[in-house]
Amino acid sequence: MKRILLFSLPILIIISVIFAIFGFYQARSIQERLIDEVKSKAKAVTESMELSAGQILATRDLRKAQRLIEKFETRERLQGCVLYDREGKLFVITKRFSEWKGQQKPYLVKVLSEKKPHGELTKFGDYSVYSYVHPVLDDDEQILGLVEVIYDTSYVFTRLIGLWKRISITLIVLMISILLISLLTLRQLFVVPVQRLTEWFVHFQRGNTNLKPPIRDAGELGKLAEEVEQVALSLRVARQSMIEDAQGRMEKGELWTEKRLRDLVVAKLGENSLFVVSNREPYLHVFDAERSETKMMFPASGVVTAIDPIMRACGGTWVAHGSGNADKRFVNSRNKLGVPPGDERYILKRVWLTKEEEEGYYFGFSNEGLWPLCHVTHTRPIFRETDWQMYRKVNEKFADSLLEELPVDNPFIFIQDYHFTLLPQMIKKKRPDATIALFWHIPWPNPEVFAICPYQEEILEGMLGCDLIGFHVQNHCNNFLDTANRLMESRVDIEKFSVVRSGRETLVRAYPISVDLSVFGTPTESVLKQKEKIREELKLNGRIVAVSVERIDYTKGIVERILAIDRFLEKYPEYKKRFVFIQIAAPSRTHIKRYHDLIGEIDELIERKNWKYSDGDWSPILYFKRQFTHEEISPYYQLADLCIVSSLHDGMNLVAKEFIAAKHDLSGILLLSRFTGAARELTDAVPINPYAIEEFADSIKEAIELPAEEKRLRMMRMRETVGKNNVYFWAANIITDLTELKNTQSLRKEQG
């Protein structure tokens, strides 16, 4: 519409000016003509009355004078007549003009003295009138009196207003006609071709490079289409070459690396992009009011830690909630930006949520409902109908945002975690060709526990819109199959580990998630300097250092860990002043009362235990309650002799694997809760039961006193496990299973 206005505005302005000038001169001409007509009539009337008026004025016959002027009472337009004597005094006047005698009439003296007629336009009440005065003379040219005729001229202005209305209506009709003609012309010449080009570009951007350009003319748009067609051809050839090269390299690979995963994605997915959906975004922008600057932050999240390296390797689009207070300043018109900043490997698309949506969907249903439901930590789940409705609404919002980005054919969608149980079904209804995987990063409870959820059927129905559902460990897969079998109408295939619902099959598999062993790599000189700086500042020289890193969450066993350290120091006092525990914890979900109370409980407990044991410059527990980046955490992993992971219940726990990845020198030992998914793989860690405080305390002593060579061998074996089964191996298994599943489905359709 703006273009149409810009195109039409100059024409409309020129036409309006021409009409205004034309109307002005036409109105002026008509006004002069009508006034001249009035003057002519007035002159003719007064001249015709001159003889009769002369006789009446000479005899001063009032009755004849009254009859003469009464003729004016019946005229259509407002008209009046006045007779004056030779001295200019009013003799008789038309009744409806009785108030006329009160008006000032300096022109009468002039007519009496000059003996010449006089006419002028004047006002009478609310009327515009024309007054014409004619002198009445006797045979000796002496003044007998005056005759004045008054004509209403307001009809002249009424005629002029009507004229301007007709001109205005004509102008409006003409302007509307010009706009419509401009609209149709521009639509045919510009809008329609651009729309067709835009639709073609959308298909092109979504991976369909085989479509022919919609414009085949010799104009500029046709030339643009031809150039893009050449780019599409080159891209098709280059992609096919990339796929063949990647397939060749895939056969030679051994350990999974970023490069090998990239080859797998090209070989398996080809032109199809990978789409990831999660609640937590991998990079967020936060404005620091104290420093008046915006920071880019990498959030503390196991999902982000695992998925970001995959997206760096594979490329594609990551759709997530834009939660940073400065996020909107760094996106383009489609709410996208390239990440990581300065080394753009993939696209991040941010979805905006209102405070009410975030409160109901995230803090409410997800973290007060599903989170405690799935973790066996004896925290009661809370389910509210308002939270559920908001959860559904946000899932729909993410579905709409994702559907805008999907390519024309066979997109691959990788959904993360319990925030989006309804999303797979929503996507599948509109894009049945999409291949969808959901990875559940937390435990899945047994059917009896899941049956607590009042929305169990809708959640299971939504999840079974997936082609593949992944869990960390086999036990969680078993629980999910049992849940589907017992709580809804479905057929569970134990041999294939799949669920068939409404004719659609969903595979259920265990994929233990991991980290990139090189995420910390060989410690840089900067990290080593920072390590020594921390050792000096915290007075850790000659002391045994234990470290724990996590979000503040009741599933992480932070309280139990502090109680175990307290019991360890009570039971083994020889370690007083020799042992220091560093707790790094990022506050999380503080809007939820259970988390808010937990923060206060931990603060109070640490303060009490430090008061109990503090001696000089030694306190047993150092507590850093803020978010640390990977770069900030690395020196603490490097100087730690022990890493304690005491989760009460955890899907996997990547901190355990990060600590192993950081121990390039094979030093240190890991204490690992039996209730983590990582405990199934890292069997060389010292196992602990965080609920058994006495046993926990003994395990700390056991880990400290392990021979150095045994610690070294254990760390070597665990690094081999993490190196082999790294995050790229995890992603490769999921992508391979997805593509094989898609190929199988395509084959069935062809045969069926």
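Please treat every number below as a calculation from the coordinates, not as lab data. Fair warning: this is a prediction, and the values are worked out from it, not measured in the lab. We place every Cβ from the backbone using ideal geometry, glycine too, and count neighbours over all the protein chains shown.
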So, how do all the Cα-to-Cα distances of the range 385-473 break down into 10 Å bins, in percent, from 0 on up? 16, 50, 28, 6, 0
Rounded to the nearest 5, what % of the DSSP beta bridges within the range 274-510 are antiparallel ones? 40
When only DSSP loop residues count, what GluC sites (Glu not before Pro) in the range 271-371 have their Cβ near at most 11 other Cβ atoms within 10 Å? Glu290
Under the helix-only model (-39500 (n - 2.57) for each DSSP H run of 4 or more, divided by the residues of the chain), the mean residue ellipticity at 222 nm, to 500 deg cm²/dmol, is -16000 deg cm²/dmol
Using a simple spin-label model with points 7 Å from Cα along the Cα→Cβ vector, what separation in nm is obtained for Asp597 and Leu163? 8.8
How tilted is helix 220-250 with respect to the longest principal axis of the chain? Cα atoms for both, answer in degrees (0 to 90, nearest 10). 10
Roughly speaking, what is the stretch gain from Ala44 to Asp343, that is 0.36 nm per residue apart minus the C-alpha to C-alpha distance, in nm to one decimal? 97.9 nm
Counting only backbone N atoms under 20 Å from a point 7 Å out along Cα-to-Cβ of Glu537, the residues of the range 635-652 in range are 635-641
As an exercise, use a Förster radius of 35 Å and the Cβ-Cβ distance of Lys95 and Thr170 to find the FRET efficiency, rounded to the nearest 0.05. 0.20
Plugging the Cβ-Cβ distance of Arg334 and Ser16 into 1/(1 + (r/R0)^6) at R0 = 41 Å yields, to the nearest 0.05, a FRET efficiency of 0.55
How much of the DSSP bridge set in the chain is antiparallel, in percent, rounded to the nearest 5? 50
Give me the angle, in degrees from 0 to 90, between the Cα long axis of helix 727-751 and the longest principal axis of the Cα atoms of the chain, rounded to the nearest 10. 70
Potential extension, Asp482-Asp665 segment - 0.36 nm per residue separation minus Cα distance: 61.5 nm
Ellipsoid semi-axes in whole angstrom, largest first, where each is sqrt(5λ) of the Cα gyration tensor of the chain: 94, 35, 25
Helix 693-705 axis, angle to the chain major axis (alpha carbon atoms, nearest 10°): 70
Radius of gyration and Dmax for the range 519-724's Cα atoms, expressed in Å? 16.0, 47
Note the per residue figure in Å³ for the convex hull of the C-alpha positions in the range 475-537. 161
Return the percentage of antiparallel bridges among DSSP beta bridges fully within the range 519-724, rounded to the nearest 5 %. 5
Förster radius 22 Å - calculated FRET efficiency between Phe124 and Arg63, Cβ distance, rounded to 0.05: 0.25
Cα-Cα over 29 Å: which of Lys539/Lys571; Lys533/Lys657; Lys336/Lys496; Lys43/Lys123; Lys428/Lys496; Lys95/Lys165? Lys336/Lys496; Lys95/Lys165
Between Glu720 and Arg680, the two model label points (7 Å from Cα along the beta-carbon direction) sit apart by a distance in nm of 2.2
Show me, for the range 549-558, the HN-Hα J-couplings you get by feeding each phi into the Karplus relation (A = 6.51, B = -1.76, C = 1.60, θ = phi - 60°), rounded to Hz, glycine and proline as x. 9, 5, 6, 7, 8, 5, 7, 7, x, 5
At a Cα cut-off below 18 Å, give the aspartates and glutamates reachable from Lys101, other chains included and same-chain residues fewer than 8 away excluded. Glu70, Glu73, Asp85, Glu87, Glu120, Asp126, Glu148, Asp152
Whole-Å semi-axes of the range 274-510's equivalent ellipsoid (Cα gyration tensor): 30, 21, 16
Distance from the Cα centre of the range 467-528 to that of the range 579-655, in angstrom? 30
Whole number please: convex hull volume per residue, Cα atoms of the range 127-180, in Å³. 76
